[in-house]
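Let me begin by presenting the structure, written as structure tokens, before commenting on it.
Nothing in this text is a laboratory measurement; each read-out follows from the coordinates by a stated rule. Computed from a prediction, not measured in an experiment: that's the story for all the values here. Counting neighbours? That spans all protein chains shown, and the Cβs are built from the backbone with ideal geometry, glycine included.
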Amino acid sequence: MKILKRIGQLFFWFLLIIILMYNAYSYISLNILEKDLASVFGYAILEVVSDSMVPTINKGDLIVINTNDQDYKEKSIVTFKDQDDMIVTHRIVEINDGKMTTRGDANNSDDSSYITKKDVIGIYVFKISNFGYVIKAIKNPVTLVSILIMGLIVCTLLSTDKDGVPLDISEEEKKFLISREKKEAREKNKKKNAKKKQQKKKAVNRTKDSNNKKKNGSVSISKKKDRNDNKSKRDEKNKKKKSGE
């Protein structure tokens, strides 16, 4: 199981590196070096965005072209730049004095203009069905960031066991890490319990203070009432004394 996790981890890291390298290389080739395509060892990949070559090539397919191959002939599928400076992949239907007539397999008529050798970028080699959508997705910044985050999470999960301990450490180090985590958990619980006791003690003290205040208030009221009664008795006694005189 440990070996399988290690293999999975290496695979995901390899995939992430390839994706990053592909995007970086494509950006540099197209935007900085201003090339038509980003090619590696003479081969380039393209996403098909139309149905003009159905059923040979479908929309959403990924095609690989050889940019070094100069052996153009009739019925060859080539990628070229048309008069509008658009990259097109169509089939050569006729070659006449260096001028090539092209047509999409799904089209009923030839393309509107000829192309020459200088217009050709490369010759079609093979396709990967529907993989063009994948390439388009990984070029999207949001998708790329999501893939990176998911990849890092997967790699992290594959690099640790069920206790969250790294797989590539010795048994002694593993025991030490587990012991330290348990100790930290105990310390955390201890502080938490101490905090609860302190809060409970404060609540009890507040209750006692409140009761004492109520009690003192009752005593004060009682004393005040006694003073008022005594004063009333003295006033009444003085009135009787004055009446007797």
Loop-located chymotrypsin sites (Phe, Trp or Tyr not before Pro) in the range 1-73 whose Cβ has at most 16 other Cβ within 10 Å (DSSP): F41, Y72
Likely footprinting exposure, E184, E47, fewest C-beta neighbours within 10 Å first: E184, E47
Dipole-positive endmost among T116, N23, I45 within the range 2-155 (Cβ charges, Cα centre): N23
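Please compute the Kirkwood hydrodynamic radius of the range 43-121 from all pairs of different C-alpha atoms, in Å with one decimal. Could you put the intermediate results ahead of the total?
Working: mean 1/r = 0.0788 Å⁻¹.
Final number for the Kirkwood radius of the range 43-121 is 12.7 Å.
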Above-threshold pairs, the threshold being 27 Å between Cα atoms, out of K35/K59; K75/K139; K99/K136; K59/K81; K175/K195; K175/K196: K75/K139; K99/K136; K175/K195; K175/K196
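In a shell of Cβ-Cβ distance under 12 Å around T102, excluding T102 itself, what net charge do Lys and Arg (+1) and Asp and Glu (-1) give?
On the way: positive: K75, K81, R91, K99, R103; negative: E74, D82, E94, D105, D110, D111, D119.
Charge balance near T102 sits at -2.
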Simple Cβ-charge dipole of the range 2-155, Lys/Arg +1 and Asp/Glu -1, about Cα centre, in debye nearest 20: 960
